[in-house]
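Undergrad: Just dropping this structure here.
The values are calculated or read from the model by the stated rules, or taken from the named source; none is laboratory data. On a predicted model such as this, the values are computed, not experimentally measured, just so you know. So basically every Cβ, Gly included, is an ideal-geometry build from the backbone, and we count neighbours across all protein chains shown. Just so you know, the surface numbers come from the protein's heavy atoms only, side chains and all, with ligands and any DNA or RNA stripped out. Shrake-Rupley method; radii C 1.70, N 1.55, O 1.52, S 1.80 Å.
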Amino acid sequence: EAQVTQNPRYLITVTGKKLTVTCSQNMNHEYMSWYRQDPGLGLRQIYYSMNVEVTDKGDVPEGYKVSRKEKRNFPLILESPSPNQTSLYFCASSLLGSVGHEKLFFGSGTQLSVL
Amino acid sequence: RKEVEQDPGPFNVPEGATVAFNCTYSNSASQSFFWYRQDCRKEPKLLMSVYSSGNEDGRFTAQLNRASQYISLLIRDSKLSDSATYLCVVNKGLGGQNFVFGPGTRLSVLP
């Protein structure tokens with residue numbers, strides 16, 4: 001089954017304790033991206049990747065790192081989480097194809113709480 | 001000004017009603033446009049792409065006006081199962097894929 005697998009689904013941590021949220025897709029998609037969703041603000045892009053070893057900042061990259069060593073995986077790393085990073089996070093992937101036909105496939109989300 | 005703006009909502013409508021959502025975007029170079037549906041705290045799912053000529057999928061009709069930088073979604077004969085948040089999404093297409101999401105409009109269809 002074609003899917004984006006994101007783990008964990010829920011995570012509670014404390015300020016400053018490094019964490020990683022994993023994201024994996026089995027559709028051979030070139031494009032992968034991370035978003036955070038906060039009430040009233042919609043989804044905001046954190047980082048995205050156009051292919052292996054190619055990553056770029058989105059609109060809200062501060063406090064986050066990513067890596068794309070393999071095509072299928074795109075982990076999100078919080079080196080020193082802070083309470084303002086408490087949010088609902090989504091990973092997504094897509095084929096790089098013709099304009100108007102790009103479909104984003106989303107993982108099921110990670111609800112992160114930083115105390 | 002936000003890059004993608006939507007009706008603030010929420011919209012509460014009776015079953016069978018017709019409801020229209022509006023969306024505007026600020027970047028005139030935007031390449032492609034979509035409507036996504038999101039159920040509470042779940043992942044967004046593609047509802048439909050939006051093409052310049054307008055397109056229809058069953059009870060759903062999407063329109064794009066590039067000159068006015070405006071996108072719409074019309075839902076006819078609303079069902080209870082249509083209750084969700086509807087997200088307007090624009091791909092800025094600046095040298096690659098860069099999707100921008102609107103804040104969403106919440107729809108509740110009431111029995």
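Undergrad: For chain A, with all protein chains present and a 1.4 Å probe, just round the carbon and sulfur fraction of the accessible area to a whole percent. Numbers along the way, then the final one.
TA: Details: 2810 of 5370 Å².
Taking all protein chains in place, chain A shows 52 percent carbon and sulfur surface.
Undergrad: Before we go on, tell me the buried accessible area for the A/B pair, both chains summed, 1.4 Å probe, in Å² to the nearest 100. Walk me through the numbers before you get to the answer.
TA: Details: alone 6330 and 6060 Å², together 10410 Å².
Heavy-atom accessible area buried at this interface is about 2000 Å².
Undergrad: I would also like to ask the following. Work out, step by step, the length gained on full extension between A:GLN111 and A:ASN7: first 0.36 nm times the residue separation, then minus their alpha carbon distance; give nm to one decimal. Write out the running numbers ahead of the final one.
TA: On the way: separation 104, 0.36 × 104 = 37.44 nm, distance 1.00 nm.
36.4 nm is the gain from fully extending A:GLN111 to A:ASN7.
Undergrad: Another question about this same structure. Which one of B:VAL13, B:VAL89, B:VAL50 has the biggest mean-square fluctuation once chain B is modelled by GNM with Cα springs under 10 Å?
TA: In this elastic network of chain B, the residue with the biggest mean-square fluctuation among B:VAL13, B:VAL89, B:VAL50 is B:VAL13.
Undergrad: Considering only A:ASN51, B:PHE21, B:SER81, whose Cα is most displaced toward the positive end of the charge dipole of the protein assembly as shown, charges sitting on Cβ of Lys, Arg (+1) and Asp, Glu (-1)?
TA: Among A:ASN51, B:PHE21, B:SER81, the one farthest towards the positive end of the dipole of the protein assembly as shown is A:ASN51.
Undergrad: Stick to the Cα atoms of chain A, pair each with every other, and give me the Kirkwood hydrodynamic radius in Å at one decimal. Walk me through the numbers before you get to the answer.
TA: On the way: mean 1/r = 0.0706 Å⁻¹.
Result for chain A, one decimal place: 14.2 Å.
Undergrad: Once R0 is set to 30 Å, what does the formula 1/(1 + (r/R0)^6) return for the Cβ-Cβ distance between A:LYS65 and B:CYS40, expressed as a FRET efficiency to the nearest 0.05? Intermediate results must be reported in sequence, preceding the final value.
TA: On the way: r = 30 Å, r/R0 = 0.99.
Working from the Cβ atoms, E equals 0.50.
Undergrad: Another question about this same structure. For A:LYS71, give me every one of the lysines with a C-alpha distance below 29 angstrom, ignoring sequence neighbours fewer than eight places off in its own chain.
TA: A:LYS17, A:LYS18, A:LYS57, A:LYS103, B:LYS42, B:LYS45, B:LYS92
Undergrad: Continuing with this model, one more query. Could you give log10 I(q)/I(0) at q = 0.10, 0.14, 0.16, 0.24 Å⁻¹ for the range B:3-111, computed by the Debye formula over C-alpha point scatterers of equal weight, without solvent?
TA: So the normalised log intensities work out to -0.26, -0.51, -0.66, -1.40.
Undergrad: What residues in the range B:56-104 lose 20 Å² or more of accessible surface when the other protein chains are added to their chain alone (1.4 Å probe)?
TA: Residues meeting the cut-off: B:GLN97, B:ASN98, B:PHE99, B:PHE101, B:PRO103.
Undergrad: Tell me the carbon and sulfur percent of the accessible area for chain B, rounded to whole percent, probe radius 1.4 Å. Please report the intermediate quantities before stating the final value.
TA: Values: 2500 of 5040 Å².
Carbon plus sulfur share of accessible area: 50 percent.
Undergrad: Restricting to DSSP loop positions (anything but H, G, I, E, B) with no more than 15 other Cβ atoms inside 10 Å of their own Cβ, which GluC sites (Glu not before Pro) remain in the range A:1-104?
TA: Here the GluC sites (Glu not before Pro) that fit, given the DSSP loop and packing criteria, are A:GLU1, A:GLU53, A:GLU62, A:GLU70, A:GLU79.
Undergrad: Let me ask something else. Averaged per residue, what accessible area in Å² does chain A show with a 1.4 Å probe, protein chains only?
TA: Values: 5370 Å² over 115 residues.
Per-residue value: 47 Å².
Undergrad: Moving on. With viscosity set to 1.002 mPa s at 20 °C, what whole-number translational diffusion coefficient in µm²/s follows for the protein assembly as shown from Stokes-Einstein and a Kirkwood radius over Cα pairs?
TA: Working: Rh = 18.1 Å.
It diffuses with D of about 118 µm²/s by this estimate.
Undergrad: Then there is this: Hey, in chain B, which Cys have no second cysteine's beta-carbon closer than 4.7 Å?
TA: Here B:CYS40 come out as lacking a disulfide-compatible partner, given the Cβ-Cβ threshold of under 4.7 Å.
Undergrad: Moving on to the next point. Are there trypsin sites (Lys or Arg not before Pro) in the range B:12-111 that DSSP marks as loop and that have at most 15 other Cβ atoms within 10 Å, and which are they? Could you put the intermediate results ahead of the total?
TA: On the way: sites: B:ARG37, B:ARG41, B:LYS42, B:LYS45, B:ARG59, B:ARG66, B:ARG76, B:LYS79, B:LYS92, B:ARG106; in loops: B:ARG41, B:LYS42, B:ARG59, B:ARG66, B:ARG76, B:LYS79, B:LYS92.
Those that pass, being in a loop and sparsely packed, are B:ARG41, B:LYS42, B:ARG59, B:ARG66, B:ARG76, B:LYS79.
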